Structures are given as C-alpha cells and as structure tokens.
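Engineer: Before I ask anything, here is the structure I am working with.
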C-alpha cells in the first residue's frame, strides 16, 4: 500500500508505538516451531501492514481519531500446522493520555468486546468472518480492501440494494433475520461485492455475485 499525501492526522498516528496484547501476539505473530526468524518477521510485518491499512483507510474518511479500528487477516495456527489457515479478527485501539493519542494497541476482537470496547456506530457483531476464494484472490492481488465495505455493512449502510431490500434489512436488525449488503467495487473485472450475515449473527460472508 503506497503512502502518498498523508494527512496530518495519519502522519501523527503512524508515529505512535504499537503494542500487542499477549493473546493477539500469540495468535497473530508467534509460532511454536518457526523454520527461521523470517517466519516470525513475516507474520509481524503482515499484521502491522493490515492494521496500518485499516487505520489509513478509516482515518481518511474522518477528521478525528476513532476509539478503535477493526481489521483481520488469514493466519496459520501458532502450532505451525500449515494445512489450513483461519481468519483472525483483530482490533486496533487508540490509547490516549490527556486527550492525545499515545499508543496503538492490537488486541483480539473478542478481547476488546469482553472488555466493553465497541464502536458506537456498529449495530451488530459479524460473528466469524468468512470469504470466498474469489474475494481472497482479489485481496491477495492487492485489488480489494474489504474493510471499508465490512464497516459499512456493520453500521447499517447496505450499499447498492433496492429500497425494499434496505427495509428488509432494517426489519432484520430488529427481528434477527439475515442481513445482505451489496457494494460497487473497482477490482479488475469485478465490480460488486456482496456481504451476508446469517440470521443468528454467527457468520458473515464476503463473496462475489458470480460465486453465489
């Protein structure tokens, strides 16, 4: 991600030290049996890059520092089982002293939720975050940053759907039904991203229309 024309706010935030909670470090960076130090360095770098990408994207939309920013990335388990990867949900918290941001703290999202740190504009928690192979490929190629669209979905901005479907979503928020959003994207030949949260709020899936 190129850093061009940073705002004064973004420059200020990127100067802050980054601290991990013990659990976040264990799941995002630590490996029990790394083949070399590069394995740990790569995991650390990827985690920081994902955190900064979310921070830069969100802080570009507002003129003030938000309490925290949600992001995530795929991770092999710390036991070095390289058979499968799981989606790790993280939260970047901006800590303050005397109304000035002083530290960026990375925690597991479930840690911060249990401690009462929740964005006031989020109407529901997404549960487990899933993505289809097509969405994952776009992310790997650097063609898609899904965080802005996921944040819009969680805050009740349903994107490019008809008024009838928007009304259905508003009712679903009250009665616990399925939630569906659609967003225009510019990702190669892909022009739309769908996000669906199941009625029990256990899973949120990001997919392309062609994969439905």
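The values are calculated or read from the model by the stated rules, or taken from the named source; none is laboratory data. What you see is a predicted model, and the numbers here were worked out from it, not measured in a lab. Every residue, glycine among them, receives a Cβ derived from its backbone with ideal geometry; neighbour counts consider all protein chains shown.
Engineer: Looking at residue 198, is it exposed (fewer than 14 other Cβ atoms within 10 Å of the Cβ) and closer than 29 Å to residue 28 by Cα?
Structural biologist: No: the conditions fail for residue 198.
Engineer: Residue 174 fails exactly one of the following numbered conditions: (1) more than 18 Å from the chain's Cα centre (by Cα); (2) exposed (fewer than 13 other Cβ atoms within 10 Å of the Cβ); (3) within 26 Å of residue 49 (Cβ to Cβ). What is the number of that condition?
Structural biologist: For residue 174, the failing item is (3).
Engineer: Among the residues of the stretch 103-117, is there at least one that is assigned by TED's automatic domain parsing to the domain that holds residue 26, assigned to a strand (DSSP E or B) and over 18 Å from residue 53 (Cβ atoms)?
Structural biologist: yes
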